[in-house]
Every structure is written in structure tokens, then in C-alpha cells.
Amino acid sequence: KLFNAYREIDSDRLFENLGYFLKAAIPAAEAAGIVMAIHPDDPPWPIFGLPRIITDEKNIDRFLKLVDRPANGLTLCTGSLGSSKGNNVPRLAAKYASMGRIHFVHARNIRLVEGGFEECAVCAGSLDMPEILRSLYDSGFDGYIRPDHGRMIWGEKGKPGYGLYDRALSAAYINGVWQALSARRGA
């Protein structure tokens with residue numbers, strides 16, 4: 001019944017609805033000193049016949065133009081965008097960071113497999129995380145980076161995708177790469 005309510009909603013209609021929301025929300029956010037950061041669709045392909053719109057460079061560009069202001073930005077989720085082989089995540093990171101439109105980063109790695117992807121450690125997937133971080137660093141990104149979707153390791157029990165130990169290891173890995181990038185610049 002719920003899916004039937006959305007049967008007539010295509011990607012153009014979703015963009016229209018999102019634009020309606022953003023035209024009201026972004027000025028209010030700016031007045032309060034807040035930036036908005038939309039998360040890409042995860043995964044970046046239709047689910048149950050419902051369209052997804054924040055999936056690739058073309059659609060991100062379209063989204064940013066709906067309300068073309070610095071407060072209207074992205075959460076760069078590397079795993080969401082990287083699960084589509086057509087997305088060059090380091091290039092997207094450089095492009096949108098240099099525009100000042102990435103307000104938050106989910107540093108998440110995935111392993112591309114037949115028919116989709118699997119979550120994996122930040123340092124051990126199909127995405128070149130040091131290259132993504134270099135693209136952000138070289139483009140002047142100075143916002144928040146959070147490791148995302150850590151594994152449950154060392155007998156840990158908790159909410160799937162949010163293992164404490166693996167996320168701590170991932171944060172240390174990200175900090176190490178960032179420090180190496182910083183040292184390289186200082187040399």
C-alpha cells in the first residue's frame with residue numbers, strides 16, 4: 001500500500017519535491033548559521049522500483065543547483081558513491097571539496113562483489129581511501145571526517161555496521177593518512 005502511494009513518483013518528481021524543501025530550508029539554515037549536508041542514496045540504484053536521485057556527479061550537480069548556495073552541500077559518503085563503478089570518488093571529492101560544498105565526510109570502504117558490495121575495513125576495500133583523503137586534503141577540505149560502517153571484530157557484539165573497535169582503528173588510519181598528507185605539504 002505504501003509503495004503504491006509512490007508509484008507516480010519518478011526521479012524528476014523527487015528533484016522537484018527536494019527543491020521545494022530546500023528553497024524553504026536553506027535560507028532558514030543560513031539565518032541560523034547552519035550548513036545542510038545531504039547524504040547520497042545508499043545504494044545508488046533503485047530499490048523496490050523506487051528511484052534514487054543523489055547517486056552520481058550529474059545528479060549531485062543537479063541537486064546543488066536547486067539552491068546554489070554554500071549552505072546547500074553534501075555528506076560525501078565514499079561507500080555510497082563508491083558502490084557504483086561509474087563514480088570516481090577521488091575526483092568527486094576533489095570537485096566538491098574545492099567548491100566548498102562538502103560539509104561532512106563518511107569515510108567508508110566497500111568491497112565490490114558480483115551484484116553489489118560488502119562493507120569492509122576502511123583500509124581494505126575496493127576504494128583507494130588514501131587517494132580519496134588526498135583529494136579532500138589537496139582541495140582544502142577542513143571539515144569533519146567520520147569512519148562509517150565498521151565491522152564487529154574481536155568478539156564485539158553491538159549494532160551491525162557500527163563496531164566500536166573497527167571504527168577506532170579506522171579513525172586512527174584516517175588520522176595517520178591525514179598526518180602524512182600534512183607532513184608532505186610541509187616538506
- Relative contact order of the chain, pairs being alpha-carbon contacts under 8 Å that are 6 or more residues apart, as %: 15 percent
- What list of whole percents do you get for P(r) of the chain, with Cα-Cα distances grouped in 10 Å bins up to the one holding the largest distance? 9, 32, 34, 21, 4, 0, 0
- Length gained when the stretch residue 91-residue 58 is fully extended (0.36 nm per residue, less Cα-Cα span): 10.6 nm
- Message: I'd like to compare 29-39, 100-110, 59-69, 73-83: which one has the highest average count of other Cβ atoms within 10 Å, and what's the full order after that?
- Response: 73-83, 100-110, 59-69, 29-39
- Item | Per-pair calculated FRET efficiency, R0 = 30 Å: residue 168 and residue 10 via Cβ, rounded to 0.05 | 0.10
- Across the range 104-110, in residue order, what do the Karplus-derived ³J(HN,Hα) couplings come to in whole Hz, using 6.51 cos²θ - 1.76 cosθ + 1.60 with θ = phi - 60° and x for Gly and Pro? 7, 10, 9, 7, 9, 9, 9
- Query: Residue separation times 0.36 nm, minus the C-alpha to C-alpha distance between residue 123 and residue 98: what's the value?
  - Reply: 6.6 nm
- Task: Convert each backbone phi in the range 167-184 into a coupling constant with the Karplus relation 6.51 cos²θ - 1.76 cosθ + 1.60 (shift: θ = phi - 60°), then list the ³J(HN,Hα) values in order as whole Hz, x for Gly and Pro.
- Result: 5, 5, 4, 5, 4, 5, 4, 4, 4, x, 4, 4, 5, 5, 5, 5, 5, 4
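As a test of the formula, what do you get for the chain when each DSSP H run with n ≥ 4 contributes -39,500 (n - 2.57) and the sum is divided by the residue count, at 222 nm and rounded to the nearest 500 deg cm²/dmol?
Numbers: 7 runs with 83 residues, N = 187.
Result for the chain: -13500 deg cm²/dmol, rounded to the nearest 500.
Give me the percent of the accessible area of the chain that comes from carbon and sulfur atoms, probe 1.4 Å, all protein chains in place.
55 percent
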- Query: Roughly how many debye, to the nearest 20, is the charge dipole of the chain about its Cα centre, given +1 on each Lys and Arg Cβ, -1 on each Asp and Glu Cβ, and no other charges?
  - Reply: 180 debye
- Once amide hydrogens are built 1.01 Å from N within the peptide plane, the residues lying 5 or more places from residue 127 or on another chain with amide H under 5 Å from its amide H are 110
- Item | 3J(HN,Hα) from dihedral phi, the range 127-140, Karplus parametrisation 6.51/-1.76/1.60, rounded to Hz, x for glycine, proline | 8, 8, 4, x, 5, 5, 5, 4, 4, 5, 4, 5, 8, x
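The values are calculated or read from the model by the stated rules, or taken from the named source; none is laboratory data. Predicted model, so just to flag it, every value in this text is computed and none were measured. Cβ coordinates were reconstructed from backbone atoms using ideal geometry, including for glycine residues, and neighbour counts include every protein chain displayed. Heavy atoms of the whole protein, side chains included, go into the accessibility calculation; ligands, DNA and RNA do not. Shrake-Rupley method; radii C 1.70, N 1.55, O 1.52, S 1.80 Å.
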